[in-house]
1. Given the options 257, 252, name the one that is buried (at least 18 other Cβ atoms within 10 Å of the Cβ), in a strand (DSSP E or B) and touching a strand residue (DSSP E or B) at 6+ places or on another chain (Cβ under 8 Å).
2. When residues of the stretch 43-74 are filtered for being part of a helix (DSSP H, G or I), modelled with pLDDT of 90 or more and touching a strand residue (DSSP E or B) at 6+ places or on another chain (Cβ under 8 Å), how many remain?
3. Only residues that are free of Cβ contacts under 8 Å to residues at least 24 places away in the same chain and closer than 15 Å to residue 278 by Cα: list them for the stretch 216-263, please.
4. Which residue is nearest to residue 114 (Cα to Cα), if the candidates are limited to the stretch 33-42 and must be over 22 Å from the mean Cα position of the chain (by Cα) and assigned to a loop (DSSP other than H, G, I, E, B)?
5. Only one residue in 315, 351, 330 is crowded, with 21+ Cβ neighbours inside 10 Å and either part of a helix (DSSP H, G or I) or modelled with pLDDT under 95 (or both), so which one is that?
6. Of everything in the stretch 151-176, what is touching a strand residue (DSSP E or B) at 6+ places or on another chain (Cβ under 6 Å) and within 28 Å of residue 323 (Cα to Cα)? Give them in sequence order.
7. So residue 264 passes all but one of these: (1) touching a strand residue (DSSP E or B) at 6+ places or on another chain (Cβ under 6 Å); (2) part of a helix (DSSP H, G or I); (3) modelled with pLDDT under 95. Which condition number does it fail?
């Protein structure tokens with residue numbers, strides 16, 4: 001949550017919302033106690049951002065509960081947010097930040113190192129209080145097991161597909177000749193890789209659009225991306241859209257020919273699943289949890305790449321092969337349905353329920 005406080009809304013906010021809904025649906029009074037959620041209106045704004053109806057927030061309160069809770073869940077994914085009976089890890093935040101966010105430099109690397117150091121230092125103090133560890137992916141779980149000898153249960157993050165599935169899938173010929181990239185405008189997400197990808201695709205007259213949340217703290221990075229695009233002379237083939245509405249994002253998923261995920265070693269990747277649900281073929285990094293947990297290491301679900309030049313090759317291959325495009329479109333959409341948020345709610349409740357009874 002602290003990362004989201006500085007960088008803007010992200011997956012941790014969404015996990016909190018869906019986790020809260022999961023228990024509220026079962027009749028429990030749920031309290032969301034977060035540095036970023038201080039009022040009912042804050043809660044509603046996050047729900048709107050992620051496409052969740054206000055009616056689904058019934059039974060969810062904001063702030064600390066008046067009495068000792070039956071169970072406390074740290075759903076933010078880091079130790080800095082406090083202890084809990086259950087810790088849901090979005091990524092291996094207890095390790096050196098270069099392990100899970102490679103390539104950080106300057107002030108970003110310094111802050112990342114401080115973040116990891118404090119998390120690691122505090123972890124022994126709360127480790128014995130944690131009754132259950134939940135990891136968002138095999139990628140994260142493997143680090144916990146190898147480095148800390150901690151066994152965790154894997155529950156993939158929720159993905160809201162309702163508004164994506166409401167509209168029909170557009171066929172190959174109905175799509176814009178455009179590559180979509182979704183990544184928060186933040187150093188650890190490496191949005192500059194979208195600029196380099198656009199440069200590689202320019203000579204093939206393929207447009208690239210980068211869509212992402214932008215906070216005021218990352219305005220210098222945004223300016224740097226714009227300057228990079230100008231220096232590379234790709235302004236006619238590259239566009240950045242920030243803080244778009246949910247409706248516009250869904251439409252971009254539907255109308256883009258392809259989706260390319262540029263963040264290396266991403267632990268999961270909610271935007272990947274959303275794109276797949278729209279029937280948009282996905283190209284993603286091989287060294288990531290998304291290849292393992294979302295694509296199931298199956299190149300009929302998504303195409304993996306090792307570097308951006310290989311990603312370019314995949315883009316060109318799919319652009320020139322409608323049949324291959326359709327295979328990935330259909331199989332990707334079917335896989336996305338398995339990761340719908342309602343499945344997350346069922347799984348998270350079943351996993352945590354024994355602790356409530358005890």
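The values are calculated or read from the model by the stated rules, or taken from the named source; none is laboratory data. Everything numeric in this text was worked out from a predicted model, so none of it was measured. All Cβ positions, glycine included, derive from the backbone under ideal geometry; neighbour counts span all protein chains shown.
1. On the way: 252 fails: in a strand (DSSP E or B).
Answer to the check: 257.
2. 1
3. 248, 251
4. Pass one, the stretch 33-42, residues over 22 Å from the mean Cα position of the chain (by Cα): 38-41.
Cutting the leftovers down to assigned to a loop (DSSP other than H, G, I, E, B) gives us 38-39.
Working: 38: 26, 39: 30 Å.
Among those that are over 22 Å from the mean Cα position of the chain (by Cα) and assigned to a loop (DSSP other than H, G, I, E, B), it is 38.
5. Working: 351 fails: crowded, with 21+ Cβ neighbours inside 10 Å; 330 fails: crowded, with 21+ Cβ neighbours inside 10 Å.
That would be 315, the only listed residue that is crowded, with 21+ Cβ neighbours inside 10 Å and either part of a helix (DSSP H, G or I) or modelled with pLDDT under 95 (or both).
6. Residues of the stretch 151-176 that are touching a strand residue (DSSP E or B) at 6+ places or on another chain (Cβ under 6 Å), as a first pass: 152-155, 161, 175.
Selection gives 161, 175.
7. Result: residue 264 fails condition (2) only.
Yes/no per residue for (1) surrounded by 16 or more Cβ atoms within 10 Å (Cβ to Cβ); (2) at pLDDT 85 or above; (3) closer than 21 Å to residue 34 by Cβ:
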{"site": "85", "(1), (2), (3)": "yes, yes, yes"}
{"site": "93", "(1), (2), (3)": "yes, no, yes"}
{"site": "102", "(1), (2), (3)": "no, no, no"}
{"site": "107", "(1), (2), (3)": "no, no, no"}
{"site": "116", "(1), (2), (3)": "yes, no, no"}
{"site": "119", "(1), (2), (3)": "yes, no, yes"}
{"site": "161", "(1), (2), (3)": "yes, yes, no"}
{"site": "170", "(1), (2), (3)": "yes, yes, no"}
